[in-house]
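Chemist: The structure under discussion is supplied below as structure tokens; questions concerning it will follow.
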Amino acid sequence: MSAPLRLALIDIGSSSIRLIIGERRGDEIKILEHPRNALPIGLDTFRKGELSQEITNQTLIRLRRYQEIARGYDVTAVRAFATTAVREAANREMFIDTVERKTGLRIELLPPGDVVYYMSCFINLRLGPELPIRSRNILVAEFGAGTAEFSLLRQGRIVRSTGLPLGSQRLTRFLGQLGGAPTAAAALRDYISSEMRQLKLSLPKIGVDEIVLISEPLAYGLPAMLGPARFSGNLCSLTRSDARALARCCAGRSADDLAHEYRMSPDMAEATAMLSLVLEQLFSAFERDRVFVLEASLLEAILTQLLMEPGQSGEQDRRRQLVSLADSILRKYNADRVHAQQVVRLSRALFQGLQAYLGLSDQARDYLELAGYLHDIGKFISNSGHHRHSEYIITSLNLFRLSEREQKLIACLARHHRGAAPSEDYALYRSLTDKDRILVQKLSALLRMADALDRSHDRKVRELQVVKAEDAEVELQVSCRDEPVLERVAFDERKHLFESITGSSIRLQVTRNA
Amino acid sequence: MPEAMPVKKSDDGARYFDRDLNWLAFNERVIEEAEDQANPLLERVKFIAIFASNLDEFYMKRIAALRRVMDESPNKSDSFGFFPGEVCEATEEYIARLRGRLYGIYDSVVGHELKGQRVFLKRHAELDDRERARVREFFETALYPVMTPMAVDQGHPFPILPSKTLSFAVMLKGDKKHHLAILPIPQVIPRLFRLPESDGAAVFILTDEVIRGHLDAFFKGHEILDSAVFRVMRDSELDLDAEAVDDLLYAVEKEVRKRPRARAVSLEIEHRVSDTLLDRLRKLIDIGDGATKKIRGYLDLSFLFALPGQVSRPALQYPGFVPAGMTYDDTFRRIRKGDFLVHLPFQSFQPVLDLIQSAAEDKQVLAIKMTLYRTTETSGIVRALLRAAENGKQVTVLVELRARFDEERNISWARELEQAGCHVIYGIPSLKIHSKLAMVIRREDEGIRRYVHLGTGNYNEATARLYTDIGFFTVNEEIARDVSDTFNVISGYSQPPHWRKVVSAPHDLKPFFMHLIDQEIENQRQHGNGLISAKCNALQDREMVDKLYQAARAGVRMKLLIRGLCCMVPGVKGLSETVEIRSIVGRFLEHSRIYLFHNNGNPRIFLSSADWMKRNLDRRIELLFPIENEALKKDLSWLLDTYWQDNVKARVLLPDGSYARLKRRGEALNVQECLIKYYAARKR
């Protein structure tokens, strides 16, 4: 019998650091350890914009302790993840480097979408019958210390993801700025209410069946304040009157008072108090009778995903989710979805035929396809120079599950799908590493050709095949229903980048297909 | 008991006994065992020693604490309403009476009954020539070379005398004025010296008596005007700053070193001492008249612990017994087969040793984690942990250095463990680690399995033969998670988590007890069957006592076996009519903690390291763990019933604070003797 896979995962969150050690036993995940230490990492990031030396040292102490615990379990791997507090810190690279030098752990920065993704996978795997995420429209809200990430899932696929400044530490800070003003509480309510209205306006009008909140302080605070019988398994169904009761429990009380009365740590108590206000506004904004609160940590969700669905399925799911999100963005910006899909199809065919020739990784295909979907999105602003508009729209989007680097790559591809070739004259391109610049050169070359082959936006090309890919020459064969006059012209204009970076000439062979 | 056990009344009519006076009442029950002719003679001798030793600890801990409170806030009452001054006065009176009784029984047992058995403890003057010669030889070879008299004058300050150190105070005649010298008796020399046997008689003399016979050898050329043996008891509290302590080991070590200079709380001296010598001594020790005791007889009767072991008279001792063992080939397989309990000392401590020793050698074992509070110097457990570290296991030991009076010993083996590569953690400055838990993490075919042992008593092979405790072995996943979490919390690796099965102090245990009691109140209201049956060592937490009164007023029946101090007043109309409190003091020290809540016919039973004392519930890390296996629940339920049936060693606490033996109806039942037989007969 092969030894069970056993993993140790560490989450460096905004207000705490946690470890989880678990292994798979058949269809069950067995959690062996799940310690937590409060550490206000987010305070540094949200106040000063970067992580202090003190926080770095405290983090190192805890990471070493967790490594010590993990050693006692002979784990297959120890992985460390970080979210908002590290992601948003200006000195995150130095922090990550210090942690790696001193502990050997390479921190993986999770984009906001990954958090929702892992949680939704967890809901699907563990709570399928109670919360059929694949057949309903569900708004998932993940409350961190800095931001609250709201993601709308249509039948399990993300259609919109947006971050609001409603994290517990941000709210506490906001309240602090208001000082002891008698109207402070009302001002905070107004602030939350306004953010909720914005949220509602930003969501596609598809109807929300259920709302699921993911918040460790709430999962801890609810049973403590409202009674232990609230949770059934990992879910707590919370009514509007429960939310009011929770807010009453917290109103006018200090974190220390609450911590003492309900036997919570002060950081948890403070976060619960802040979130009780958000909950009230959420009920009002969405006119709900109930919301669910999920009692599971991000680490538990990642562990479940890594142990239950190891290998590629996670990547495939990520791709599906990204495509779904891209499509939803096209709708939002009234883009030509048919053209976008055609460019993606042609890009895919080009990628498939030239992947080995260009030495591209599988992941590069995702960047090319996403750029294919979004390359014309700038037309929403203006047709003229739309590739420039596409660049800044993409860099400003809340793109589900993409890291900052990946988002920049895609924006850069969209920027150079037409016009000038990528070069150091362009700031975004300059900000990339050498390796990523080469990637952008190669993928831009493909995207430019794919876009050219649907120049008429009329889907004239039915099939595309790379029929020859040799050192000196590359030959494409396309079958079209009509004569692709515009496409031929555009192709000749746009093929130069490919030829200049490969040193090969590229030839287009057109066959007519009625 | 005192003339009348003082009782404080609260506004709502609740009543409370004082903790210290009630503890002295417990020690009075120990003296009753020394008086009890039904006990074998040498065991009665041991009870005298136990009483004496208990009283010493009481001085160093409780009297010292009361004095501190009197100095700092004399007008502040404790949580029950007792003021330190009144308690001090009442305890001193009570102790004086108990001490009189102690020396009475000492004279009777050692002075008469042992002589009848040809066991003699002689004064120097009573020795014959042959014995004198042997004693002189002993003095010259073993005592004289290691003893140093110390002059006390302007150039020589009073020597540092650790608590309990017996010393001679000697007044010497000088040319112009008299000189004081102090002659401490080294604690390493056994106090009881056995003389050669003649005609089957066992003859002993105390080292202090030997020294008295040769005192002039230390002061040649001086005339001894007066001499007396004395000892000082000092405050044993360690002054650890909860906030500022980074290195607990260093801090405890430093504080322990200060202990010989700690405030003196009592001076005991032979009654023959002259007023001049006593006054001088008092001034030098800085102790008042009220804290000085003149003793008619030997000081520190705890030397009697050693006597039975040096006299081969099995007929004068409890019949020997071998703790019932368990048979299994493989410890791990046995634990996997099903949860089980081990009831010490009736059953052997071996399964605990086996678990740790097997873990040290087993190739599949990855890690061992355990708490150590008090253990023995030659502990098999410590040796096994050292071996496990040598074998590359991850060994984590949470050492509580501050086990009172064992601090130095703990520092020594904690260092040894550290040097061997064990990860030794010294806990939290403000909280003592009192929970007893061990966990072995083993890699098996199906995955990780954690073997857990939870106990009501310490991992100490010596006390495992003397204290009644219960250990629980399990591989239950939820309990293992909780135990893992407990280790992480204590070692500062995590904040307290949600508990699954166990409940821990100081955060959750008291509210959990309150919740359980509330449920019994509700059961009483709805079904009329509220019942709490508990066995522990002390009931002193005010909130717990009040909650129990609330339950009693609601009609919940309570059968409480509280071995030691108890602040609750049972049997008071309208307050505690439904409460019966008993104490069992016998051959073994009752130490197990079992809590049973009737729960409307589906009893919830727990074992714990905690008593119902404020220190356990608020200032220590303690664990309460449920026993859910039906067969084991039945065993524990039976055990509580059997304890309740004891009519030989059980005393019932009366509303006036006195303890009375039960009126025996039917056959005599001594629960400890009964359990020896029960476990011997039971096949495992």
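Computed from the coordinates by the stated procedures, all read-outs in this text should not be read as laboratory data. If you're wondering where the values come from, they're calculated on a predicted model, not measured in any experiment. Cβ: placed from backbone, ideal geometry, glycine included. Neighbour counts: every protein chain shown.
Chemist: Report the Stokes-Einstein translational diffusion coefficient (µm² s⁻¹, integer) for segment B:257-308, Rh taken as the Kirkwood radius over Cα pairs, at 20 °C with viscosity 1.002 mPa s.
Modeler: Answer from the Stokes-Einstein relation: 170 µm²/s.
Chemist: Given a Förster distance of 35 angstrom, what is the FRET efficiency for A:ARG244 paired with A:ALA420, based on the Cβ-Cβ distance and rounded to 0.05?
Modeler: 0.05
Chemist: Taking a threshold of 21 Å on the Cα-Cα distance, which of the pairs B:LYS559/B:LYS634; B:LYS46/B:LYS115; B:LYS614/B:LYS634; B:LYS46/B:LYS559; B:LYS432/B:LYS510 fall above it?
Modeler: Pairs exceeding the cut-off: B:LYS614/B:LYS634; B:LYS46/B:LYS559.
Chemist: Further question on the same structure: Sorted from largest to smallest, which semi-axis lengths in Å does the alpha carbon gyration tensor of chain A give for its equivalent ellipsoid, taking the root of 5 times each eigenvalue? Walk me through the numbers on the way to the answer.
Modeler: On the way: eigenvalues 403, 131, 97 Å².
Sorted largest first and rounded, they come to 45, 26, 22 Å.
Chemist: What order do you get for B:GLU113, B:GLU268, A:GLU470 when you list them from fewest to most C-beta neighbours inside 10 Å?
Modeler: Fewest-to-most ranking of B:GLU113, B:GLU268, A:GLU470: A:GLU470, B:GLU113, B:GLU268.
Chemist: Using 1/(1 + (r/R0)^6) with R0 = 56 angstrom and r between the beta carbons of A:SER396 and A:GLU68, what's the FRET efficiency to the nearest 0.05? It would help to have the intermediate numbers written out before the result.
Modeler: Details: r = 43 Å, r/R0 = 0.76.
Efficiency at R0 = 56 Å is approximately 0.85.
Chemist: Something else: Between 0 and 90 degrees, rounded to the nearest ten: what's the tilt of helix B:41-58 against the longest Cα principal axis of chain B?
Modeler: Tilt of helix B:41-58: around 90 degrees.
Chemist: Please state the charge dipole magnitude for segment B:505-681, taken about the Cα centre, from unit charges on C-beta atoms (+1 on K and R, -1 on D and E), reported in debye and rounded to the nearest 20.
Modeler: I would put it at about 540 debye.
Chemist: Can you tell me the length gained on complete extension of the stretch A:ASP256 to A:ALA186, counting 0.36 nm per residue apart and subtracting the Cα distance?
Modeler: 23.0 nm
Chemist: Let me ask you something else. Given the C-alpha centroids of segment B:498-560 and segment B:292-331, what is the distance between them in whole angstrom?
Modeler: 37
Chemist: Rounded to the nearest 5, what % of DSSP beta bridges with both residues in segment B:505-681 are antiparallel?
Modeler: Rounded to the nearest five, the antiparallel share is 60 percent.
Chemist: Quick check on the exposure proxy: order B:VAL648, B:VAL135, A:VAL338 from fewest to most C-beta atoms within 10 angstrom.
Modeler: A:VAL338, B:VAL648, B:VAL135
Chemist: If the viscosity is 1.002 mPa s and the temperature 20 °C, what translational diffusion coefficient in µm²/s does Stokes-Einstein give for segment B:531-684 when Rh comes from Kirkwood over Cα pairs?
Modeler: Numbers: Rh = 16.2 Å.
Once the numbers are plugged in, D ends up at 132 µm²/s.
Chemist: Residues in segment A:442-472, backbone N under 14 Å from the label point at A:ALA356 (7 Å along the Cα-to-beta-carbon vector): list them, ranges by number please.
Modeler: Under cut-off, by backbone N: A:466-471.
Chemist: Same structure, new question: Angle, helix B:275-285 long axis vs. longest principal axis of chain B, Cα atoms, 0 to 90°, nearest 10?
Modeler: Orientation of helix B:275-285: about 50 degrees from the principal axis.
Chemist: To continue, here is another question. Given chain B reduced to its alpha-carbon atoms as identical point scatterers, what log10 I(q)/I(0) does the Debye formula return at q = 0.05, 0.07, 0.10 Å⁻¹?
Modeler: Per q value, in the given order, log10 I(q)/I(0) is -0.26, -0.52, -1.07.
Chemist: Here is a further query. Viscosity 1.306 mPa s, temperature 10 °C: give me the Stokes-Einstein translational D for segment A:6-110 in µm²/s, with Rh taken as the Kirkwood radius over C-alpha pairs.
Modeler: The diffusion coefficient I find is 114 µm²/s.
Chemist: Taking the square root of 5 times each eigenvalue of the Cα gyration tensor, what semi-axes in Å does the equivalent ellipsoid of the protein assembly as shown have, largest first?
Modeler: The equivalent ellipsoid of the protein assembly as shown has semi-axes of 77, 32, 28 Å.
Chemist: Averaging the inverse of every distinct alpha carbon separation and then flipping it gives the Kirkwood radius. What is it for segment B:1-116, in angstrom units?
Modeler: By the Kirkwood definition, the hydrodynamic radius is 15.5 Å.
Chemist: Something else about it: How many percent of Cα pairs in segment A:198-306 exceed 19 Å?
Modeler: Tail of the P(r) past 19 Å holds 47 percent of the pairs.
Chemist: Looking at chain A only, what percent of DSSP beta bridges run antiparallel? Nearest 5 please. Walk me through the intermediate numbers first.
Modeler: Working: 43 of 68 bridges.
Among the beta bridges of chain A, antiparallel pairing accounts for roughly 65 percent.
Chemist: Grab every C-alpha pair in segment A:127-279, bin the distances at 10 angstrom width from 0 up to the longest one, and report whole percents.
Modeler: Distribution as computed: 10, 38, 36, 14, 2 percent.
Chemist: If you don't mind, another one. For segment A:395-514: lysine pairs with Cα atoms under 18 Å, gap of 8 or more or different chains, count?
Modeler: Eligible lysine pairs with Cα atoms under 18 Å apart amount to 5.
Chemist: Mind scanning B:LYS337/B:LYS369; B:LYS363/B:LYS501; B:LYS76/B:LYS573 and naming the pairs with a C-alpha gap bigger than 25 Å?
Modeler: Long pairs (Cα-Cα over 25 Å): B:LYS363/B:LYS501; B:LYS76/B:LYS573.
Chemist: Post the alpha-carbon centroid distance, segment A:448-477 to segment A:5-53, in whole angstrom.
Modeler: Spelled out, the Cα-based centre of one part sits 48 Å from the other.
Chemist: Still on this structure: Can you pull the one-decimal nm distance between simple spin-label points at B:HIS527 and B:ASP153, each 7 Å off the Cα toward Cβ?
Modeler: If labels sit at B:HIS527 and B:ASP153, their model points lie 8.2 nm apart.
Chemist: Mind jotting down the three principal axis lengths of segment A:109-201 based on Cα atoms? Whole angstrom, largest first.
Modeler: 47, 29, 21
Chemist: May I ask which residue of B:TYR659, B:LEU607, B:ALA505 lies farthest towards the positive end of the charge dipole of segment B:505-681, with charges of +1 (Lys, Arg) and -1 (Asp, Glu) on Cβ and the Cα centre as origin?
Modeler: Among B:TYR659, B:LEU607, B:ALA505, the one farthest towards the positive end of the dipole of segment B:505-681 is B:TYR659.
Chemist: Separation between the B:GLU478 and A:ARG512 pseudo-spin-labels, each 7 Å from Cα along Cα→Cβ, expressed in nm?
Modeler: Calculated label separation equals 7.7 nm.
Chemist: Kindly work out what percent of the DSSP beta bridges joining two residues of the protein assembly as shown are antiparallel, to the nearest 5.
Modeler: Bridges in the protein assembly as shown are about 65 percent antiparallel.
Chemist: To the nearest 20 debye, what is the magnitude of the charge dipole of chain B about its Cα centre, counting +1 on the Cβ of each Lys and Arg and -1 on the Cβ of each Asp and Glu? Intermediate results must be reported in sequence, preceding the final value.
Modeler: On the way: 101 positive and 97 negative charges, 198 e Å.
Dipole size: approximately 960 debye.
Chemist: Same structure, new question: Once you place label points 7 Å from the Cα toward the Cβ at B:SER274 and A:SER382, how far apart are they in nm?
Modeler: So the label points at B:SER274 and A:SER382 sit 11.7 nm apart.
Chemist: Got a sec? How would B:SER312, B:SER274 order by Cβ neighbour count within 10 Å, fewest to most?
Modeler: Ranked by crowding around the Cβ, least crowded first: B:SER312, B:SER274.
Chemist: Once phi is turned into θ = phi - 60°, what whole-Hz ³J(HN,Hα) does the Karplus curve with 6.51, -1.76 and 1.60 give for every residue of segment A:13-22, x standing for Gly and Pro?
Modeler: x, 6, 10, 7, 10, 9, 10, 9, 10, x
Chemist: Show me, for segment A:127-139, the HN-Hα J-couplings you get by feeding each phi into the Karplus relation (A = 6.51, B = -1.76, C = 1.60, θ = phi - 60°), rounded to Hz, glycine and proline as x.
Modeler: These are the phi-based 3J(HN,Hα) values: 10, x, x, 6, 9, x, 5, 7, 10, 10, 9, 10, 9 Hz.
Chemist: Between A:GLN155 and A:ARG47, what FRET efficiency follows from the Cβ-Cβ distance if R0 is 25 Å, with the result rounded to 0.05?
Modeler: About 0.05, to the nearest 0.05.
Chemist: Put +1 on the Cβ of each Lys and Arg and -1 on the Cβ of each Asp and Glu in chain B; which of B:TYR328, B:TYR493, B:PRO186 then has its Cα farthest toward the positive end of the dipole?
Modeler: About the Cα centre, the residue reaching furthest to the positive side is B:TYR328.
Chemist: Right, here's the next one. Toward the positive end of the charge dipole of segment A:112-302, about the Cα centre and with charges on Cβ (Lys, Arg +1; Asp, Glu -1), which of A:MET264, A:TYR220, A:SER202 goes farthest?
Modeler: After comparing all options, I get A:SER202.
Chemist: Additional query: Measuring from centroid to centroid over Cα atoms, what is the spacing of segment A:179-200 and segment B:146-186 in Å?
Modeler: For segment A:179-200 versus segment B:146-186, the Cα centre distance is 78 Å.
Chemist: Roughly how tilted is helix B:509-527, in degrees to the nearest 10 and between 0 and 90, from the longest Cα axis of chain B?
Modeler: 60
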